[in-house]
Amino acid sequence: MNASLLKKRKSLLALLLSGCTVAALLLLLIPPPQKYLLEDLGTLDRLITQSFADHGIPPGRLQVRATEVDSLLTRRDYSIQLARSFPATRVHIAIAQGAYPYGVQVKGRYNQDETALHLTLSYRNTLLRTLEMRFSDSAEPLIPSP
């Protein structure tokens, strides 16, 4: 075998082993994300209102409707009218990041016909909260926070 080919193979093997070693160390040293138990659905309500407050929307602008699912669960459905320039994706991300430690999934669907973003918050296949953000040119303009 050619000496330069053997040298290249040894170099590649050394790189592969060092990469695997670094990956193993990272897995061992970085703690997993902290998980919390979702004991109170008010936690989700505070998360939703705080996410909007962080982007300059006072809690009074959110409209809330209660929907009785069964004798044990009443779901809150949120809706709000916003200016087209509002950073809805940032709010979606903030809610999803805040809900993640509780095991709550946040899914979004944008409807171009209605110009609305629909978010659903579910826990173990149970729909807990919905949020509808409708966009229009006539909504009062907002100055998003950085």
Scan the range 51-68 and give yes if some residue there is of a type in the set (A, V, I, L, M, F, W, C) and in a helix (DSSP H, G or I), otherwise no. yes
Can Ser71 be described as among the polar types (S, T, N, Q) and either assigned to a helix (DSSP H, G or I) or free of Cβ contacts under 8 Å to residues at least 12 places away in the same chain (or both)? yes
Subset of the range 10-39 (residues that are charged (D, E, K, R) and either without any contact (Cβ under 8 Å) to a residue 24 or more places away in the chain or not in a loop (DSSP other than H, G, I, E, B) (or both)): Lys10, Glu39
Selection from the range 36-71 of residues modelled with pLDDT under 85 and exposed (fewer than 10 other Cβ atoms within 10 Å of the Cβ) yields none
Looking at the range 81-98, is at least one residue loosely packed, with under 14 Cβ neighbours inside 10 Å, among the basic types (Lys, Arg) and in contact (Cβ under 8 Å) with a residue 24 or more places away in the chain? yes
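The values are calculated or read from the model by the stated rules, or taken from the named source; none is laboratory data. Fair warning: this is a prediction, and the values are worked out from it, not measured in the lab. Don't worry about glycine lacking a Cβ; one is built from the backbone with ideal geometry, like all the others, and counts go over all protein chains shown.
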